[in-house]
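Beneath this line is the structure, given in structure tokens, with notes to follow.
The values are calculated or read from the model by the stated rules, or taken from the named source; none is laboratory data. The structure presented is a predicted model; accordingly, all values stated were derived computationally and were not measured. Cβ placement follows ideal geometry from the backbone for every residue including glycine, while neighbour counts extend to all protein chains displayed. Just the protein is used for accessible areas: all its heavy atoms, side chains included, with ligands, DNA and RNA removed. Shrake-Rupley method; radii C 1.70, N 1.55, O 1.52, S 1.80 Å.
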Amino acid sequence: MPRDPVVRPPALREGDCIGLAAPASSFNEEELHAGVRVLQDLGFRVHYTPRLFDTYRYLAGSDTARAAELNALFADPAIQAIFCCRGGYGSQRLLPYLDAAVITAHPKIFVGCSDLTSLLLYLYSQCHLVTLHGPVVAGDILSGLAPDALRQLQGILTGDEVAMQPPANHLTGLTVLRAGEAEGRLLGGCLSLLVCAVGTPFQPQTRDTILFLEDRGERLYAIDRMLTYLKLAGVIQGVRGLVFGRIERVAADRHLPYGVEDVILDVLGDLEVPILYGFPADHCAQSLTLPIGVQAAMRGARLVLCESPVVRQEAEDRSAHAGA
């Protein structure tokens, strides 16, 4: 079966410029500055404007201002990648204002997670752009992030196909809920945001994918309800495998004699696909980065990235020279 076409953005090189966006909730300015220093220590320049610090109720400014910021960052030739400051809430409100033609004409690395899943799914479904489910700048990219997690992030950004693989010492908590092997495009993000995309023009096609799902702050019955809804809506039909992040038990469920793994198997155990639980790309500490839209493989208790999410410039240069 031919693979669906996707666009892999150019890899970053030392000295390239990362633009910051605030598409969702407002954030702590001191945490932002700490995250900026980490990105600079990785060898990148960082650009942002005072607009980042706008506030409107629980959002980082108006919908039109936040969307215009994203459109401008994609259009700006001086910006090679876009990192988001924080999740929270509000990304889905931007979708009607985003310029898919501009984004498609200027593919760039885009990094975010949590509420920013709405943007990851939009960029994949509307622009065919490979994106990164990865850390936000104000809170995640801090000096406390483990060195190997930072190396994996840098490997993904720069197209290092060895360093981009999930470090083995971060995968010791992975549990095989249903054994098997599978290969497909990696898609997903925050479970509740995928549910919110169902029935909209921005709902991605999940058939033949490896679907990654994670969330936080949800009771077990709510996880059950969302998974059941995805199943009834046909979203999970035809997926080749399921990978779940670490979903922390909330205080209200601590007395229960069962856990999220039991809920997952209760709802999805009849699917004839492999299921992994506990992949560390989620709301928990020391989270890894996962590319959305690339080929990946489930092999036992491992998730392997089969291709780089970015295109290294020297490879492009060699290709152009060969065709001359």
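Atom-type composition of the exposed protein surface of the range 186-324 places 49 percent of the accessible area on carbon and sulfur (1.4 angstrom probe). So who's got an amide H within less than 5 Å of the one on Arg240, skipping anything under 5 residues away but keeping other chains? H placed 1.01 Å off N, in plane. For Arg240, whose amide H was placed from the backbone, the distant partners under 5 Å are Asp208, Thr209, Ile210, Leu211. Please compute the net charge surrounding Thr117, taking Lys and Arg as +1 and Asp and Glu as -1 over other residues with Cβ under 11 Å from its Cβ. Local net charge: -3.
Against the compact-protein benchmark of 2.2 N^0.38 Å, the Cα-based radius of gyration of the range 47-164 scales to 1.06.
Once the gyration tensor of the Cα atoms in the range 92-135 is diagonalised, the equivalent ellipsoid follows with semi-axes of 16, 13, 8 Å, ordered largest first.
Label point 7 Å out from His33 along Cα-to-Cβ: which residues of the range 43-77 have amide N under 17 Å? Residues 46-54 fall inside that zone. Under the shape rule built on the C-alpha gyration tensor, where the axes satisfy a ≥ b ≥ c, the range 7-51 is oblate, since a/c reaches at least 1.5 while a/b does not exceed b/c.
Summarised in one figure, the compactness ratio Rg/Rh of the range 163-319, Cα atoms and Kirkwood Rh, is 0.98.
Remark: C-alpha extents of the range 111-229 on the principal axes read 39, 34, 31 Å, sorted largest to smallest. Contact order, relative form, for the range 31-182: 23 percent (alpha carbon pairs under 8 Å, 6 or more residues apart, mean separation divided by residue count).
Summarised as an ellipsoid, the range 239-321 has semi-axes of 35, 17, 8 Å, derived from the eigenvalues of the Cα gyration tensor scaled by 5 and square-rooted, with the largest first.
For the range 57-144, the dipole from Cβ point charges (+1 on Lys and Arg, -1 on Asp and Glu) about the Cα centre works out to 120 debye, to the nearest 20.
Pairs of Cα atoms nearer than 8 Å and 6+ residues apart set the relative contact order; for the chain it is 20 percent. Once a ≥ b ≥ c are taken as the square roots of the eigenvalues of the Cα gyration tensor of the range 59-127, is the result rounded (a/c under 1.5), prolate (a/b larger than b/c) or oblate (a/b not larger than b/c)? Because its axes are fairly even, with a/c under 1.5, the range 59-127 counts as rounded. Measuring between their Cα centroids, the range 255-299 and the range 212-235 lie 12 Å from each other.
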